[in-house]
Every structure is written in structure tokens, then in C-alpha cells.
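The values are calculated or read from the model by the stated rules, or taken from the named source; none is laboratory data. Worth saying up front: this structure is predicted, and the values here are computed from it rather than measured. Neighbour counts are summed over all protein chains in view; Cβ atoms, including those assigned to glycine, are modelled from backbone coordinates with ideal geometry.
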Amino acid sequence: GEVPRSQGKAVRVRDLRKSYGSREAVRGIDLDVHPGEVVALLGPNGAGKTTAVRILSTLLRPDAGIVTVGGFDVLRSPTQVRRLISLTSQDTAIDELLTGEENLLMMGRLRHLGRAEARARGGELLTRFDLAGDAQRRVKTYSGGMRRKLDLAMSLISRPTVLFLDEPTTGLDLRSRQAVWDVLAALVATGVTIFLTTQYLEEADRLADRIAVIDGGRVIATGTADELKSRVGTEQVELLLDDPATLSWTVSTFGDSVVRTDPAGPSVRVATDGTAAHVKHVLDQLERKGIGVASIALHRPTLDDVFLTLTGQRAEREKELSLS
Ligand code: ATP
């Protein structure tokens, strides 16, 4: 059932650490997930995402730190935690030789649902995930997207309070990815708490209320997609100039607002708030000086910029450390 609000955080992580031999996979993670929230742990290959989510879902013991789910400590009360959660990961629990429906029923029984309840709930999920027409086919004939949807359905049969998703759309084509996103968006509306890992910025941008960027076993930034984007800069208007000779004049016109110049363009990027009024003001200033502009383009920072900037900063820091 529902986690009472009084229990506070759906997931609470403090100074989590885990090494494999001498390799430190998770190096001190702090993180909170509030009930009903969708939080994405976003990071490149080897960042420590799978390690973290396996610890949170009681499959792996941490070396140090505190992790609670629904108020229960994962080390002291793993059984209670398992009752609240479901995990969907790459190595799925699907049996290839069974049909989609049989897989769902089997999972229902594993989750201690009665036969009738498992059947009813399974049918509901097959319909919701658009799999009803394929329910009687063996899973070995399913596409990657269908499998992933079935896997999600199986993890929802017991109505988890907190759903852990480890890279839910890795390896899927665009269409299947979209289908899984639709399913997840509908799930979010039911109030379930979701903690997902992803290496796709777009996925985090679309699904998550809050994003924690992880790299090298550490959370290097957290915030909403918009907050993270604004950390790496503002919107910019790029002015493609008619005449290279006007480049320096354009730069002096906008002073500190100039973000970047490219003599090869020739172009100048100026910081803007993105409003039509400001862009018009920029163009008016140039017109008054007789500086010709061939075209303009607006640039918004994307999560890709955030990711590259933040992980680039880490690479720089580590280079400095290894040199010093
Ligand atoms: P990916 O996106 O590639 O799945 P990830 O962010 O999930 O990566 P992890 O799988 O958590 O990263 O791995 C973090 C680090 O720990 C990596 O350097 C990896 O090589 C190492 N690692 C993971 N599992 C083990 C293991 N069982 N034994 C030894 N090293 C491991």
C-alpha cells in the first residue's frame, strides 16, 4: 500500500559507498526521493548507476552509508523494503518459453497474489501496455520493446510504492522507447514513486522531476532539467554577419553580453533572455550602426550541454589532480 506521508522520504541515501576490490564504483552518494517524485540518476557508462540501484533495491550490500526505502533500512529490514518496491533491469525475470500472460501470472503468484487477483491485474496491465493482442504468444517471439513493456508490467503486478528502473529504454529503438515513456508517464499520474537510471539526457528531461548527474561514483550536480540547463548558461542569439569586417564592431556593441565569436562565420553569439523584444532590440542596435545581418538563430542550452560541461569539468579536475 501507500507509504504514509509521516514516513517522509520514499528513498533516503546518505554517504553511500561501494567498491569492487580496489575499484570504487560508488564514492559517497547523498540523495532523497520524495513520495510521488520521479528522480533520474543520469550518467555515462561505468558511472555507478547500476551499483547504486542494486543497493537501493536490496540486491547488493553497501560498504558504508545509510539507505532507507519507505522508512526501512535496506540492510536491517530488506524484507519490508522488498514488499514496497519493484525493480526492472536489463537482466529480466521474463521466461522466454512462456506467453506474456503466463509470465504475468507467474509473477503475480511469486508476489503472493491470489489466482483471480493475478489474472485480473495481469489483464489490466496487458491492456494498459497495449500487449493484450499478443498475450497468448510466447515471449521469444516478442520484439525488444514488447519485452520491456512486459517486464514493466510484471514489476507493477504487485502495485509497488517505489519503482526502480535501471536503464528502462537502453537498446530500444525510437518507437519502443516512446512506447515505454508513454507507459511511464501514465504511471507517474497514478502517484507511484520512480527512481530510474539512464544514460539518455532526453529520457531524464522528459520523465524526471529531478535529475542527479552521476559520474565517477559521485553525484556532481542535482536539480530540475531547467535548473541544470541554466547552470551552464543562458539562451543565446547567434548573428550571422554579412561582412567579416563588421565583426569587431559587433563585439564592441554588445560588450559583456557576447558569449562567443566565430570569425569564420562570421558570427557573434549574444546572451539573450529569449524574448522577441530583446532579440528585436539586438537587431535594432545593429541596424542603427549599419551592420548587416544575414540570418539569426536561437540557441538554448540542452541537457547535453549540461552533461558535457559537468563531466568535462570532472575530467579537467582529475587531470589537474594527477598532474599535481
Ligand atoms: P552502465 O551504464 O555501463 O551500466 P553504470 O553507471 O551502471 O554503467 P556500474 O555498473 O554501477 O555503472 O559500474 C560502476 C563501476 O564498477 C564500473 O567501473 C564497473 O566496471 C565496476 N563494476 C561493476 N560491477 C562490478 C563487479 N561485479 N565487479 C567488479 N567491478 C564492477
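Tabulated data
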{"read-out": "Test: residue in the range 18-28 that is more than 16 Å from the ligand (Cβ to nearest atom) and acidic (Asp, Glu)", "value": "no"}
{"read-out": "Among the residues listed as Gly36, Gly43, the single one being at pLDDT below 95, buried (at least 24 other Cβ atoms within 10 Å of the Cβ) and among the small types (Gly, Ala, Ser)", "value": "Gly43"}
{"read-out": "Evaluation of Arg119 against (1) within 16 Å of the ligand (Cβ to nearest atom); (2) over 25 Å from Arg206 (Cβ atoms) (one fails), failing number", "value": "(1)"}
{"read-out": "Tally, over the range 34-78, of residues that are in contact with a helix residue (DSSP H, G or I) (Cβ under 9 Å, 6 or more places away or on another chain) and either more than 27 Å from Glu202 (Cα to Cα) or of a type in the set (Val, Ile, Thr) (or both)", "value": "15"}
{"read-out": "Tally of residues being part of a helix (DSSP H, G or I), free of Cβ contacts under 8 Å to residues at least 60 places away in the same chain and within 16 Å of the ligand (Cβ to nearest atom) across the range 55-92", "value": "1"}
{"read-out": "Close pairs (6 angstrom Cβ cut-off, 6 or more residues apart or separate chains): more than 6 Å from the ligand (Cβ to nearest atom) in the range 33-51, among the charged types (D, E, K, R) anywhere", "value": "Glu37/Asp209; Val38/Asp209; Val39/Arg210; Leu41/Lys49"}
{"read-out": "Selected residue (criterion: nearest to the ligand (Cβ to nearest atom)) from residues of the range 5-16 that are surrounded by fewer than 17 Cβ atoms within 10 Å (Cβ to Cβ) and over 14 Å from Val162 (Cα atoms)", "value": "Asp15"}
{"read-out": "Any hit, the range 96-112, residues being closer than 29 Å to Phe72 by Cβ, of a type in the set (A, V, I, L, M), in contact with a Pro (Cβ under 8 Å, 6 or more places away or on another chain) and touching a residue at least 24 places away in the same chain (Cβ under 8 Å)", "value": "no"}
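To keep it simple, each residue is scored yes or no on (1) out of contact with any helix residue (DSSP H, G or I) (no Cβ under 6 Å at 6 or more places or on another chain); (2) surrounded by fewer than 19 Cβ atoms within 10 Å (Cβ to Cβ); (3) at pLDDT below 90; (4) of a type in the set (Gly, Ala, Ser).
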position: Val81; (1), (2), (3), (4): yes, no, no, no
position: Thr88; (1), (2), (3), (4): no, no, yes, no
position: Leu98; (1), (2), (3), (4): yes, yes, no, no
position: His112; (1), (2), (3), (4): yes, yes, yes, no
position: Ala118; (1), (2), (3), (4): no, no, no, yes
position: Asp130; (1), (2), (3), (4): yes, yes, yes, no
position: Tyr142; (1), (2), (3), (4): yes, no, no, no
position: Arg148; (1), (2), (3), (4): no, no, yes, no
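Residue-by-condition table, conditions (1) under 21 Å from the mean Cα position of the chain (by Cα); (2) of a type in the set (A, V, I, L, M, F, W, C):
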residue	(1), (2)
Thr50	yes, no
Val53	yes, yes
Leu60	no, yes
Gln80	no, no
